[in-house]
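Colleague: Let me begin by handing over the structure; questions about it come next.
The values are calculated or read from the model by the stated rules, or taken from the named source; none is laboratory data. Only a predicted model underlies this, so the values are computations on that prediction, with no experimental measurement involved. A quick note on method: Cβ atoms are made from the backbone with ideal geometry, for glycine too, and the neighbour counts reach across all protein chains shown.
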Amino acid sequence: MKIGSVIRIRKTAFSVLSFLVGVWGGLLLVPSAAGGASVEPSLRMGTFRVDASPPIGSPLAYDPCKEITIPLSCRGLVLLPGDRPPIVLCVVDWIGVANDGQKEFRRALADAVGTQPKRVAVHAVHQHDAPRCDLSADRLLAKYGINKQFYDAPFLRSVMERAARAAGQAAKNAQPVTHVGIGQGKVEKVASNRRILGPDGKVQYTRWTACRDPKIRAMPVGTIDPFLKMVSFWNGQRPLAVLTYYACHPQSYYRTGGANPDFPGIARNMREKATGVMHIHFDGAGGNIGAGKWNDGSHENRQVLADRVAAGMALAWEATRKEPLCADEVRWTALPVALPVAEHLDEPTLVAKLEDSEASATARHSAATHLLWLRRRQKGETIDVSCLRLGRVRILHMPGELFVEYQLAAQKMRPDLFVAMAAYGEYAMGYIGTRIAYEQGGYETSPRASLVAPDVEDVLMTALRRLLKSDR
């Protein structure tokens, strides 16, 4: 073979090799903005957890903290969906997070991971032997010297700060996500409806979360959602985190002075130990749901209820089916909603009660929280409701002590999807009933408990439809 021919062959081979190297390098390095085909942006996720137990002597929801029976936790995850801003889900073993408590918590988490507060959801599990978090009420009551009976602001902020640092580290240590897991399990003999109607269609009995009257316990379960929903994140065959959702008030018994996460938290901890996978539990729309049919308040029932919830979690885990998930299938939609104010909220009356030094501290605290919500709405403030899309999964993030009918309605709106709901987000408005519930009476829709008007159903159902149909 002539030298020139050899040179031409080598040049041709080198050109082919250069072309292949260029193509391979382009696949690895060319960003999607180049205009042609590009590599799918990677989806990553990190988890975080910090202790949320109060100091001894710090106020729980109703009593000072005497001991930590079982540690409380604040836990969550950070989703990094490719080139879009991070998403943060966070839940804490407290009774509720309201007003500036919500705003500061969400802002701290957002700043820590480099996102906007509207892409952060903060929820409470709503245990009662646990702290309240309302930094607005703390400041207002401080003017009258009665704030420390209800709030330990330095402790609350310390949890926010530690959670934010942990979330920031979670984002740095995030791992690839390749699949989402979907499963559900039926929970037996835990949830029952608290509102028992009489022949006139009005609430005749309230079946509290601990019900000692055997006649009331024997009444029908009523409207509930018996299924615990589970969403999990996977890197190949390795589970990274589990989210669970179950609609039920989380009380077995309380006012013990011993901080504890009650039966849902115990069940969560049990399943985390059994699987070796981080479990993050959210209370669903359980405002009118409790364990009262199955719980007379006996202390041994706490573990019984925890075992039953854990069994539902185990069923959901066993039923889990994995589906591929990429960053483009992750979406976050947040809608600002203006909830209608209850007619019974009257500013002069509330101010007078707040300033009445002869009134009980509890009554003045109630007046303060009612006044804060009223003034927020007078200023035109809205709250966010949001939806996280993960392939065919939709996770709704809702405010207040929401009635289970909203959760059931959301599932019916999109029967083609796997729909889960977390309630107990913004806690400022208390209970949120359905329109007819305000006509039926009962504690949950009383002026003491609910700060919204019956029209709230129209507002939230419209928002749910928009969130669930935004991808059509």
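Colleague: Would you check which residues across the range 73-107 are farther than 19 Å from Ala423 by Cβ and either under 12 Å from the mean Cα position of the chain (by Cα) or not in a strand (DSSP E or B) (or both) and list them?
Modeller: Gly82, Asp83, Arg84, Pro85, Pro86, Asp100, Glu104, Arg107
Colleague: Now, a different point. Let me confirm something: among Arg375, Arg389, which residue is basic (Lys, Arg), modelled with pLDDT of 95 or more and part of a helix (DSSP H, G or I)?
Modeller: Details: Arg389 fails: part of a helix (DSSP H, G or I).
Just a single option satisfies the conditions, and that option is Arg375.
Colleague: Given the conditions (1) closer than 18 Å to Tyr205 by Cα; (2) crowded, with 24+ Cβ neighbours inside 10 Å; (3) within 21 Å of the chain's Cα centre (by Cα), report the number of the one that Val452 does not fulfil.
Modeller: (1)
Colleague: Oh, and also: If we keep just the residues of the range 297-337 that are touching an Asp or Glu at 6+ places or on another chain (Cβ under 9 Å) and charged (D, E, K, R), which is farthest from Ala241 (Cα to Cα)? Spell out how you get there, then give the answer.
Modeller: Kept after step one, since they are touching an Asp or Glu at 6+ places or on another chain (Cβ under 9 Å), are these residues of the range 297-337: 302, 305-306, 308, 311-312, 326-328, 331, 333-337.
Then keep just the ones that are charged (D, E, K, R); that gives 302, 308, 328, 331.
On the way: Arg302: 25, Arg308: 21, Asp328: 20, Arg331: 19 Å.
Looking at residues that are touching an Asp or Glu at 6+ places or on another chain (Cβ under 9 Å) and charged (D, E, K, R), I get Arg302.
Colleague: A follow-up question, please. Scan the range 122-154 residue by residue and report those that are surrounded by fewer than 18 Cβ atoms within 10 Å (Cβ to Cβ), part of a helix (DSSP H, G or I) and not aliphatic (A, V, I, L, M).
Modeller: Across the range 122-154, the qualifying residues are Arg139, Lys148, Gln149, Pro154.
Colleague: Same structure again: Quick check, is Val190 in contact with a Leu (Cβ under 6 Å, 6 or more places away or on another chain), in contact (Cβ under 8 Å) with a residue 12 or more places away in the chain, farther than 25 Å from Ala363 by Cβ and not small (Gly, Ala, Ser)?
Modeller: yes
Colleague: With in a loop (DSSP other than H, G, I, E, B) and either among the basic types (Lys, Arg) or surrounded by fewer than 19 Cβ atoms within 10 Å (Cβ to Cβ) (or both) as the only criterion, which of Arg308, Arg255, Arg271, Arg302 stands out?
Modeller: Arg255
One line per residue, one yes/no per condition, for (1) touching a helix residue (DSSP H, G or I) at 6+ places or on another chain (Cβ under 7 Å); (2) among the aromatic types (Phe, Trp, Tyr); (3) in a loop (DSSP other than H, G, I, E, B); (4) surrounded by fewer than 18 Cβ atoms within 10 Å (Cβ to Cβ):
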| site | (1), (2), (3), (4) |
| --- | --- |
| Ala316 | no, no, no, no |
| Glu323 | no, no, no, yes |
| Glu343 | no, no, yes, yes |
| Leu350 | yes, no, no, no |
| Ala359 | yes, no, yes, yes |
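Here is a yes/no grid of residues against (1) part of a loop (DSSP other than H, G, I, E, B); (2) without any contact (Cβ under 8 Å) to a residue 60 or more places away in the chain:
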site	(1), (2)
Ile196	no, yes
Gly201	yes, no
Gln204	no, yes
Thr209	yes, no
Met219	yes, no
Thr223	yes, no
Ser232	no, no
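Colleague: Can you go through Ala463, Ala410, Ala437 and tell me which one is modelled with pLDDT of 95 or more, assigned to a helix (DSSP H, G or I) and farther than 28 Å from Val78 by Cα?
Modeller: Ala437
Colleague: I've got another one for you. As an exercise: evaluate Gly292 against (1) over 15 Å from Tyr246 (Cα atoms); (2) surrounded by fewer than 19 Cβ atoms within 10 Å (Cβ to Cβ); (3) touching a helix residue (DSSP H, G or I) at 6+ places or on another chain (Cβ under 8 Å); (4) not aliphatic (A, V, I, L, M) and give the number of the one condition it does not meet.
Modeller: The single condition Gly292 does not satisfy is (2).
Colleague: Here is a follow-up. Those residues that are in contact (Cβ under 8 Å) with a residue 24 or more places away in the chain and of a type in the set (Lys, Arg), I need them from the range 311-355; list them, please.
Modeller: Hits for the range 311-355 are Arg321, Lys322, Arg331.
Listed here are the residues, each with its yes/no results for (1) under 20 Å from the mean Cα position of the chain (by Cα); (2) free of Cβ contacts under 8 Å to residues at least 40 places away in the same chain.
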{"position": "Arg212", "(1), (2)": "no, no"}
{"position": "Val242", "(1), (2)": "yes, no"}
{"position": "His279", "(1), (2)": "yes, yes"}
{"position": "Ile289", "(1), (2)": "yes, no"}
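Colleague: OK, next. Looking at (1) touching a strand residue (DSSP E or B) at 6+ places or on another chain (Cβ under 9 Å); (2) within 30 Å of Thr69 (Cβ to Cβ); (3) assigned to a helix (DSSP H, G or I), which is the only condition Gly287 fails?
Modeller: It fails just one condition, (3).
Colleague: Further question: Keeping to the range 166-176, report how many residues are part of a helix (DSSP H, G or I) and more than 15 Å from Val92 (Cβ to Cβ). Don't jump to the end; show me each part of the working.
Modeller: First, pick out the residues of the range 166-176 that are part of a helix (DSSP H, G or I): 166-172.
Then drop every residue that is not more than 15 Å from Val92 (Cβ to Cβ), which leaves 168-172.
Looking only at that region, the number is 5.
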